[in-house]
1. List nothing, just return the count: lysine pairs in the range 18-186, 8 or more apart or interchain, with Cα separation under 22 Å.
2. Taking other Cβ within 10 Å of each residue's Cβ, how do SER176, SER72 sort, fewest first?
3. Once the other residues with Cβ under 12 Å from the Cβ of ASP73 are scored (Lys, Arg +1; Asp, Glu -1), what is the net sum?
4. Starting from the 7 Å offset along Cα-to-Cβ, what nm value, one decimal, do you get for the label separation of LEU58 and LYS43?
5. About its Cα centre, what dipole magnitude does the range 18-186 give when the only charges are +1 on Lys and Arg Cβ and -1 on Asp and Glu Cβ, stated in debye to the nearest 20?
6. Toward the positive end of the charge dipole of the range 77-162, about the Cα centre and with charges on Cβ (Lys, Arg +1; Asp, Glu -1), which of ILE120, PHE160, PHE83 goes farthest?
7. Return the inverse of the average 1/r over all pairs of distinct C-alpha atoms in the chain, which is the Kirkwood hydrodynamic radius, in Å to one decimal.
8. Helix 173-186 sits at what angle to the longest principal axis of the chain, using alpha carbons and giving 0 to 90 degrees rounded to 10?
Amino acid sequence: MMLQPIESLELLEPRIAQKGLTVWFTGLSGAGKTTISQAVYKKLIDQGLKVEHLDGDLVRQTLTKGLGFSQSDRIENIRRIGFVAHLLTRNDVIVLVSAISPYRAAREEVRQQIGSFVEIFVDAPLSVCEQRDVKGLYQKARNGEIQRFTGIDDPYEAPFDPEVICSTATESIEQSIAKVMNAIAIFPAR
């Protein structure tokens, strides 16, 4: 079978030039990381940009399956997510990562590896996160059914100086999304 030459280059859709960037959403379970990142994903896709979303829960079912929740396993989880984010970022993809990523040092290590990195702290008080918990994980942790649950019997180290803070207990989802979109728009890598 012989390939036919393309008659017109007009058939090809123009691509929007972009630089890679990792946007890392961190915060307690139930703070709103996935909700905000999914909305940002849709907005970026609607703009015609190349975007990938790495959600911590989904990544644990595939890329990091088999890792537990010890401190060393959590750090390895973040390193693996960070490695994939780095590969995508250097290939000019905007990568949205929504993962608890409880340890400051692990997030900083990933930031240094990737370079083009924006940290979004999705902040909500523990009491609000517990009220939002549709899976009942906080209650299981409080009952001793889950060990080393971030925010209950394992620490969460909030960022010292994130590029964006989304205070989801006091601001609307639209306000949080706008903050993230503004940070992405002004980031020098774009």
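1. Value for the range 18-186: 17.
2. SER72, SER176
3. Net charge around ASP73: +4.
4. Going by the 7 Å Cα→Cβ label model, 1.9 nm.
5. Computed charge dipole of the range 18-186: roughly 380 debye.
6. PHE83
7. Final number for the Kirkwood radius of the chain is 17.7 Å.
8. So the inclination is approximately 50 degrees.
Each reported figure results from applying straightforward, stated rules to the coordinates on display, with no laboratory input. Given the structure is predicted, the values throughout are model-derived calculations rather than measurements. Positions of Cβ are generated from backbone atoms using ideal geometry, with glycine treated the same way; all protein chains shown enter the neighbour counts.
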